[in-house]
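For reference, the structure is listed below as structure tokens.
The values are calculated or read from the model by the stated rules, or taken from the named source; none is laboratory data. The shown structure was predicted, so the numbers you read here are calculated from the model rather than taken from an experiment. Every residue, glycine as well, gets a Cβ built from its backbone with ideal geometry; the counts of neighbours run over all protein chains shown. Note: areas computed on protein heavy atoms with side chains; ligands, DNA, RNA excluded. Shrake-Rupley method; radii C 1.70, N 1.55, O 1.52, S 1.80 Å.
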Amino acid sequence: MSVDKLKRTVLGLIAVSLFFVSGVVLAEYPLNLTEGVTPTSQKVYDLHMTIFYIVTVIGIAVFAVMTWSIFHHRKSKGAVPAQFHHSTFAEITWTIIPILILVGMAIPATKTLVFMEQTGDAEMTLKVTGYQWKWKYDYLDEDISFFSSLAAADNEARQLNSGIDPSTIENYLKNVDNPIVLPVDTKIRILTTAADVIHSWWVPDLGWKRDAIPGYINDNWTYIEEPGVYRGKCTELCGKDHGFMPIVVHAVSKEDYVTWVAEKKAEQAAASSGKDMTMAELMEKGKTVYGTNCAACHMPNGEGGAAFPALAGSAIATGDVANHVDIVVNGSKNNPMMQAFGQQLNDADLAAVITYERNAWGNDTGDMVQPSDVKAARK
Amino acid sequence: MAKDPTRTAKKLALFAVAMFGFGFALVPIYEVVCEATGIGGRTGVISQSEAEADQVDAERLVTVEFDTNVDSALPWAFKAAEFNMKVHPGEMAEAVFVVENRSDKPVIGKAVPSVAPPIASKFFDKTECFCFTEQRLEAGERKEMIVRFVVGSQLPEDILIMTLSYRFFQVPDNADVAISDTKAVKTKI
Amino acid sequence: MNDAAVHDDHHDHDHKPTGIGRWLFSTNHKDIGTMYLVFSLFMFFVGGAMALVIRAELFQPGMQFVDPQFFNSMTTVHALVMIFGALMPAGVGLANWMIPIMIGAPDMAMPRMNNMSFWILPFAFTLLLSTFFMPGGAPAGGWTMYPPLVLQLGDGFPFLIFAVHFLGISSIMGAINIIATVFNMRAPGMTFMRLPLFVWTWIITAFLLIASMPVLAGAVTMLLTDKFFGTAFFDAAGGGDPLLFQHVFWFFGHPEVYILVLPSFGIISQIIPTFARKPLFGYASMVYATASIAFLSFFVWAHHMFAVGMPLTGELFFMYATMAIAVPTGVKIFNWTATMWKGSMTFETPMLFSIGVLFMFSIGGFSGLMMGITPVDFQYHDTYFIVAHFHYVIVPGIIYGVIAGVYYWLPKWTGVMYDEKLGKLHFWLSTISVNVLFFPMHFIGLAGMPRRIPDYSTQFADWNAIISIGGFVFGLSQLILVWVVIKCARGDGEKATDQVWESAHGLEFTLPSPPPFHSFTTPPVVTDATAHS
């Protein structure tokens, strides 16, 4: 451990004590729940603090009695043991008082819960689907749909012994390739479901999390009051890369949202139009797509890992183009770990990533795969 | 000692065996509880005449959204013809879904429904649905399928929007008849 | 500890077998109790080593030591080993050793079943731990084994399921034995309301075990048939429901929490009166509170699954039921406090650990109450806040109770006093480090760090470094306990009296230290005056 680390650790211990003495909050030592940016998160935060204060007061009272007793009723101070072992009055009192306190806590809790569960009418619906290990977002009213994975830079840094210092990446493990864009001051319904195993979608600033369960559709709502970038995580263990499927929400004004929708639609139309791309375009896009979708198993340098084949110099990536396209789009028949990416990526992304795999890391086949080739290979 | 520990132990062992059975009994109990409370978002099935018996509440309009999902193993496209519709509680409604087999061989699929919010599922009844049976699509076949449903007039006032979601799963081929038979025994509708 | 009983050959009626056969075929409650305790201590270090792998990986952001899959195996198997290998056998071991001599019985009611229920354990853990060497690795889907994730496990899957089956069978046999013993073999005059509280908590625990373990066995059997025999209990594609497993699992899982904690409550209910030199306050209300906690534990399971999306009425019901558990738990805490009040306390190691339970279990109780509040649980759920909560309950709540019991009865078992200086050192090192280890987890949980992740955002780096230091100090401190136990087992220490402690009451303290191989061949007679302290 470096001296620096030690210093910070000592500071941390001091921070703990400071927290109790004066409630000083150090920026490097996050301590509390966020107040968030929605009416729900505000209510939840207030309720959290209320309950926290109540249990703190109870705790101090109970601990004070124990501590007093420990210091005063000790043999070394010559205390003579009393012999009482029963008091109906005391026992009834400390049954009734907690019940009253609990009722006092249950009332605001019930109110908040009822508030959260009333979706009422919503202006738009966002559907969230959990995949191993990325999220798919469908804007049901707009026919926009895309996948969102851990950003390539984070993905590279989080590999075992990557040699990249995570502190060089801003918001490490909380960056994605395609963030969700949502309008502020809009009641949004959020549906959650999953395609494989159970996931859970959580953006703390929105004030809740909800499981995404295969075969189930769950609904919730949010109403973001402040524009900004809000980050979250998957919170239900979903396999190997559970820790690496973050959520990024860009909350923008209603006007900016309309602009974004138009842009996104145009982008999606272009991607599915089958228009040919240049080698440079394919390679550039392919590197990004590879970083977010393929590098977790085949590694950023294409060398593969213990259970995953290398792509650099592999028979598939340097052999028959049609076979390569088929495996990426429809999955491998020989290796169930190789998923079918046809449902997850659009034609342009697939064309780009296959082209990239055939020309990166010294594969240099010179082959170009166009979106139209991918379209043809879809079954 | 007059007492007999072996007897006590035997009784307790019986109790343990009964609790093991109870674990399995929780499966049907769960079904019943889900039916009654809406946990699990299950929808109900009623007959045409039952559906017509419900009073139409012309005062209220409820938005019903249709969400579609396809399991990754199934090479199908599946969409609602209209993404949402407004219905009066108590009124018979019909939604159309389009499904297309994009593979070059016949495939059997089965749709599993779910309703959100869960409480709404108690009041969501179908008289006819493509999800009641398995669907077989020939290579490249495209088909329209319908759901006829009623949102009960007893629906709580505060529910203004609900989602009916389907996920199509692949039904294993004939080679696995035994498996598909066992699975068909428990059909969530 | 193994050769503890070797020293008591001076009792004529002690015809005990020798060599390895004494342990393999043992039907003696003390020998079997010793084996349970030694096994539990061993598994405590196995599970602890896994925890240290976790803490080493989380010491800094970035991945330094293990890949994410192995990390998940560590969290999963750490939990299974600690719960089924360390905590439960510790409780059963103490019950085996103490219950017969606390109620004036010669041995357990079913000695051969007792032997079997112990020897299933090492077998089951061999099955479980062998999965580390199999294709697909050890279980990595969490100890809760939620489908569909758990079904993705490789060749280890059936081994996991059968290990759980065997562990369940073992603990059910142990529980049956305890109830059969207490119901049938009490000494004359030892009425139910004169039973020591440790025995009471164990009766209730044993009933919880018999009621809940078979349900777990049923749930994992359904997993097995789903994977191999084409059933679809939990498979949405076949008309099943993945949430059904969670309901069935937590129907077992919540009572399981009390299976672990009630014996610890029982132990400190024995210890606090001894060192306060004052009878236990509110004996009857303690019994009723324990029973009502156990009863309520069957109606709160869904508070583990608020985030799955339930109808409002369900969420409210489980919130209120969960809050209700705070009442009997509070009664117990207040009763212990009232027992200390106006006592004449001394602070030997067992008392220190018991006071540790009072304070730190309460902290776990408070965070538990916070999480019972459904709307805020949507924020706390599956973050480090819950990790902090249940570790406060389990480590300074349950493990401290067990350690307190070991220090309290070790002189009785071995005939020599433990080293008080080492005991106090053990307590203070553990208590400081356990708080450095678990307290900051509340903060990072609230600030948004999910549980079960092998790597985290840099904002959590400093706290995680502190937590890891706490973890390593705590882990290494436990070696002191091993040293203390070895010293006593070797007879290295002051000779203990029969009563051991100045103000200890109960039948176990009427026997010599160490007690003869066969305790109470002639049953003692219990009167109100000689009943529980």
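The angle separating the long axis of helix C:283-296 from the principal Cα axis of greatest extent in chain C is about 30 degrees.
Of A:H324, C:H78, the residue with the largest accessible area leads and the full order is C:H78, A:H324 (1.4 Å probe). Taking the helices alone, chain A has a mean residue ellipticity at 222 nm of -14000 deg cm²/dmol, built from -39,500 (n - 2.57) per DSSP H run of at least 4 residues and averaged over all its residues.
Ranked from largest to smallest solvent-accessible area, with a 1.4 Å probe on the protein heavy atoms, C:E315, B:E100, A:E91 come out as B:E100, A:E91, C:E315.
Is there a simple number for the mean count of other chain Cβ atoms within 10 Å of the Cβ of residues in A:180-193, and what is it? Spell out each step's value before the answer.
On the way: counts 0, 0, 0, 0, 0, 0, 0, 1, 0, 7, 0, 6, 2, 7.
The mean count of partner-chain Cβ atoms within 10 Å per residue comes to 2.
With the Cα gyration tensor of region C:306-357 giving a ≥ b ≥ c as the square roots of its eigenvalues, does the rule (a/c under 1.5 for rounded; else a/b larger than b/c for prolate; else oblate) give rounded, prolate or oblate? Note, shape of region C:306-357 comes out oblate. Extension gain for the segment C:F472 to C:T225, taken as residue separation times 0.36 nm less the Cα-Cα distance, is 84.8 nm to one decimal.
Which order do the peptides A:344-356, A:185-197 come out in when sorted by mean C-beta neighbours inside 10 angstrom, highest first? Please list the in-between numbers first.
Values: A:344-356: 24.9, A:185-197: 21.6.
Descending packing order for the listed peptides: A:344-356, A:185-197.
Take each residue in B:56-67, count the other chain C-beta atoms within 10 Å of its C-beta, and the mean is 2. Classification of chain B by its C-alpha gyration tensor yields an oblate form. The axis ratio a/c (a ≥ b ≥ c) is 1.5 or more, and b/c is at least a/b. Per residue, region B:10-100 exposes an accessible area of 48 Å² to a 1.4 Å probe, with every protein chain left in place. Here the peptides A:111-120, C:367-376, C:468-477 are ranked by packing, the mean other Cβ count within 10 Å, and the order with the highest first is C:367-376, C:468-477, A:111-120.
Taking amide H as placed 1.01 Å from N in the peptide plane, B:V45 has its amide H under 5 Å from the amide H of B:K126, each at least 5 places away in sequence or on another chain.
Which residues does a label at B:E100 reach in region B:127-152, if reach means a backbone N under 11 Å from a point 7 Å past the Cα toward the Cβ? The answer is B:140-143.
Could you work out Rg/(2.2 N^0.38 Å) for region C:466-508, with Rg from alpha carbons only?
Working: Rg = 16.1 Å, N = 43, 2.2 N^0.38 = 9.2 Å.
Dividing the Cα Rg of region C:466-508 by 2.2 N^0.38 Å gives 1.75.
Starting from region C:465-533, pick out the trypsin sites (Lys or Arg not before Pro) whose DSSP state is loop and whose Cβ has at most 15 other Cβ atoms within 10 Å.
Here the trypsin sites (Lys or Arg not before Pro) that fit, given the DSSP loop and packing criteria, are C:R490.
Roughly how crowded by other chains is peptide A:53-61, in terms of the mean Cβ count from those chains within 10 Å of each of its Cβ atoms?
Numbers: counts 0, 3, 9, 1, 0, 6, 5, 0, 0.
For peptide A:53-61, the averaged partner shielding equals 3.
For C:D492 and B:A18, a Förster radius of 51 Å and the Cβ-Cβ distance give a FRET efficiency of 0.50, rounded to the nearest 0.05. Here's how it looks for A:R74: its modeled amide H is under 5 Å from those of A:A79, C:M345, which are all 5 or more places away or on a different chain. With θ taken as phi - 60° and the Karplus curve 6.51 cos²θ - 1.76 cosθ + 1.60 applied, the whole-hertz 3J(HN,Hα) list for region A:54-60 is 4, 5, 5, 5, 4, x, 4 Hz, x standing for glycine and proline.
The loop-placed trypsin sites (Lys or Arg not before Pro) in region A:134-173, going by DSSP, include none that has at most 13 neighbouring Cβ atoms within 10 Å of its Cβ.
For region C:453-533, what's the relative contact order in percent, using C-alpha pairs closer than 8 Å and at least 6 residues apart? Walk me through the intermediate numbers first.
On the way: 24 pairs, mean separation 17.2, N = 81.
So the answer I get is 21 percent.
Amide H contacts for A:I144 (H built 1.01 Å from N in the peptide plane; partners 5 or more residues away or on another chain; cut-off under 5 Å): A:Y139. Rounded to the nearest 0.05, the FRET efficiency derived from the C-beta distance between B:F132 and A:N323 at R0 = 51 Å is 0.80. Based on Cα contacts under 8 Å between residues 6+ apart, chain C shows a relative contact order of 20 percent.
I'd like the antiparallel share, as a percent to the nearest 5, of DSSP beta bridges with both residues in the protein assembly as shown. Mind showing how you got there, number by number?
Details: 65 of 88 bridges.
Antiparallel bridges: around 75 percent, rounded to the nearest 5.
Residue by residue, region B:90-96 carries 3J(HN,Hα) couplings of x, 9, 6, 9, 9, 10, 10 Hz when phi is fed to the Karplus relation 6.51 cos²θ - 1.76 cosθ + 1.60 (θ = phi - 60°); x denotes Gly or Pro. Against the main long axis of the alpha-carbon atoms of chain C, helix C:400-414 sits at an angle near 30°. Which shape class, rounded, prolate or oblate, goes with the protein assembly as shown when its Cα gyration tensor gives a ≥ b ≥ c as root eigenvalues, a/c under 1.5 marks rounded, and past that a/b bigger than b/c marks prolate? Judged from the Cα gyration tensor, the protein assembly as shown comes out prolate (a/c at least 1.5, a/b above b/c). 3J(HN,Hα) along region A:242-259, derived from phi through the Karplus expression 6.51 cos²θ - 1.76 cosθ + 1.60 where θ = phi - 60°, amounts to 3, x, 10, 10, x, 10, 10, 10, 9, 8, 10, 5, 4, 5, 4, 5, 4, 4 Hz, with x in place of Gly and Pro. Identify which of A:S149, A:S69, A:S162 has the largest mean-square fluctuation in a Gaussian network model of chain A, with springs joining Cα atoms closer than 10 Å. Of A:S149, A:S69, A:S162, the Gaussian network model singles out A:S69 as fluctuating most.
On a full-extension model of 0.36 nm per residue, what is the gain between C:T522 and C:A284, subtracting their alpha-carbon distance, rounded to one decimal in nm?
Numbers: separation 238, 0.36 × 238 = 85.68 nm, distance 2.90 nm.
Residue separation times 0.36 nm, minus the Cα-Cα distance, leaves 82.8 nm.
Ranked highest first by average number of other Cβ atoms within 10 Å, how do C:377-384, B:60-67, C:142-149, A:74-81 line up?
Per-residue mean Cβ counts within 10 Å order the peptides as C:377-384, C:142-149, B:60-67, A:74-81.
Normalising the average separation of contacting C-alpha pairs (under 8 angstrom, six or more residues apart) by the number of residues puts the relative contact order of chain A at 14 percent.
To the nearest ten degrees, helix B:5-37 and the longest principal axis of the Cα atoms of chain B are 10 degrees apart.
Our helix-only sum for chain C, with -39,500 (n - 2.57) per DSSP H run of n ≥ 4 divided by its residues, gives a mean residue ellipticity at 222 nm of -21500 deg cm²/dmol.
With a cut-off of 14 Å between beta carbons, the residues surrounding B:A9 carry a summed charge of +4, where Lys and Arg count +1 and Asp and Glu -1.
Could you work out [θ]222 nm for chain B from helices alone, using -39500 (n - 2.57) per DSSP H run of at least four and dividing by all its residues? Round to the nearest 500 deg cm²/dmol. Working shown, then result.
Working: 4 runs with 52 residues, N = 189.
Only helices count here, giving -8500 deg cm²/dmol.
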